[in-house]
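Take a look at the structure set out below.
The values are calculated or read from the model by the stated rules, or taken from the named source; none is laboratory data. As the structure is a computational prediction, the values presented were derived from the model and not from experiment. All Cβ positions, glycine included, derive from the backbone under ideal geometry; neighbour counts span all protein chains shown. Surface areas here come from the heavy atoms of the whole protein model, side chains and all, with no ligands, DNA or RNA. Shrake-Rupley method; radii C 1.70, N 1.55, O 1.52, S 1.80 Å.
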Amino acid sequence: MAQSQQRLTGKRVACLAADGVEDVEYAQSRAAAEQAGAEVHLISLSSGEIQSMNQDISPANRYRVDRTVNEADAADYDALLLPGGTVNPDRLRMNQQAMDLVRAFFEQQKPVAAICHGPWSLVETGMVNGRTVTSFPSLRTDIRNAGGNWVDQQVQVDNGLITSRNPGDLPAFCAKMVEEFAKGERVRQMTTA
């Protein structure tokens, strides 16, 4: 399998998440990147640990934070991962430093992968404008209002931006994330007229 070929050896991936992250989306996507050879750092709003959830309501696991958003620099990473859960991205989008970090990955033209409600950070930063993305269906209107083209696809790639709808899409999402991170395809910044 492609993931066992260490396609991401030498790459560093930032995973931006906060309390409320959907456990399976965080754990499986991080594991896919690590199994492919990447070094993955959990970036969050504060130091210590974050609490993951199962289906937004049941506490799952706690994960150690590697760096806070004010310590992290997009220049230190090759790619960005944004797992979902509804609470996690809602907390992130209320934090200016977190949104500045997301924006920096686009400014530096680095690949970004977001699943489920993870694209809320893309909406908040204006990075869906002019792009074709997918997400959990409840974000459809937000994405369209932010200038994006929402599609109902298992996984959607738009010039280095990888998006998926929900935990059921994780196998396709993880495979495409590893593939795109390995290619190093850069996300181009969209310009507004």
Only one of these conditions is not met by Arg140: (1) open to solvent by 50 Å² or more (accessible area, probe 1.4 Å); (2) touching a residue at least 24 places away in the same chain (Cβ under 8 Å); (3) in contact with a Phe, Trp or Tyr (Cβ under 7 Å, 6 or more places away or on another chain). Which number is it?
(2)
Would you please list the contacts, defined by Cβ atoms under 6 Å and residues six or more apart or on different chains, that run from a residue in region 96-112 that is without any contact (Cβ under 8 Å) to a residue 12 or more places away in the chain to a residue that is surrounded by fewer than 22 Cβ atoms within 10 Å (Cβ to Cβ) and among the polar types (S, T, N, Q)?
none
Flag if Arg91 is in contact (Cβ under 8 Å) with a residue 60 or more places away in the chain and open to solvent by 60 Å² or more (accessible area, probe 1.4 Å)
yes
Got at least one residue in region 170-193 being under 17 Å from Glu22 (Cβ atoms), free of Cβ contacts under 8 Å to residues at least 12 places away in the same chain and of a type outside the set (Phe, Trp, Tyr)?
yes
Search result, residues across region 31-46 that are open to solvent by less than 40 Å² (accessible area, probe 1.4 Å) and not in a strand (DSSP E or B)
Ala31, Ala32, Ala33, Ala36, Gly37, Ala38
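Considering each residue of region 1-21, count those that are open to solvent by 10 Å² or more (accessible area, probe 1.4 Å) and within 24 Å of Glu71 (Cβ to Cβ), and give that number.
Residues of region 1-21 open to solvent by 10 Å² or more (accessible area, probe 1.4 Å): 1-7, 9-12, 19.
Going one step further and asking which of them are within 24 Å of Glu71 (Cβ to Cβ), we end up with 10-12, 19.
Final tally of qualifying residues: 4.
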Residue that is nearest to the chain's Cα centre (by Cα) [pool: residues in region 47-78 that are surrounded by fewer than 14 Cβ atoms within 10 Å (Cβ to Cβ) and hydrophobic (A, V, I, L, M, F, W, C)]
Ala75
Could you list, ordered by first residue, the pairs with Cβ atoms under 7 Å in which the first is in region 25-48 and over 12 Å from Met177 (Cα atoms) and the second is among the acidic types (Asp, Glu), at least 6 apart or interchain?
Val40/Glu34; His41/Asp66; Leu42/Asp66; Ile43/Asp66
